[in-house]
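Comments concern the structure below.
Derivation of every value follows stated rules applied to the coordinates shown; laboratory data play no part. All values reported here derive from a predicted model rather than from experimental measurement. A quick note on method: Cβ atoms are made from the backbone with ideal geometry, for glycine too, and the neighbour counts reach across all protein chains shown.
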Amino acid sequence: MNVAPKKAAPSPMLNSPLLVDWKRRNREPKTGGINFRASASQLDLLRQAALMEEISQQKVLERLVWPILEERYGTGSAE
């Protein structure tokens, strides 16, 4: 049986008002990279999320991590 993969519903996080601020700060010069450890099953989950959202694994993490960090801990030195 040939079944086409389901298109994922847009993440509610992508509609968050915090995303606008996050996108603005994302345009700032980058200061370096961050290592993010993951188990094999977590990496598989990240790969699947990226495929379903049709974006890179980096963008999946950025869109989930930065808005939550800003909501909980502030916006950092960008303000």
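Dipole of segment 39-79 computed with +1 at Lys/Arg Cβ and -1 at Asp/Glu Cβ about the Cα centre; of 64, 40, 50, farthest Cα towards the positive end is 40.
Please work out the Cα convex hull volume for segment 39-79 and give it in Å³ per residue. Mind dumping the intermediate values first?
Details: hull volume 3.6 nm³, N = 41.
So the per-residue Cα hull volume is 88 Å³.
The ranking of 63, 47, 25 from fewest to most other beta carbons within 10 Å of each one's beta carbon is 47, 25, 63.
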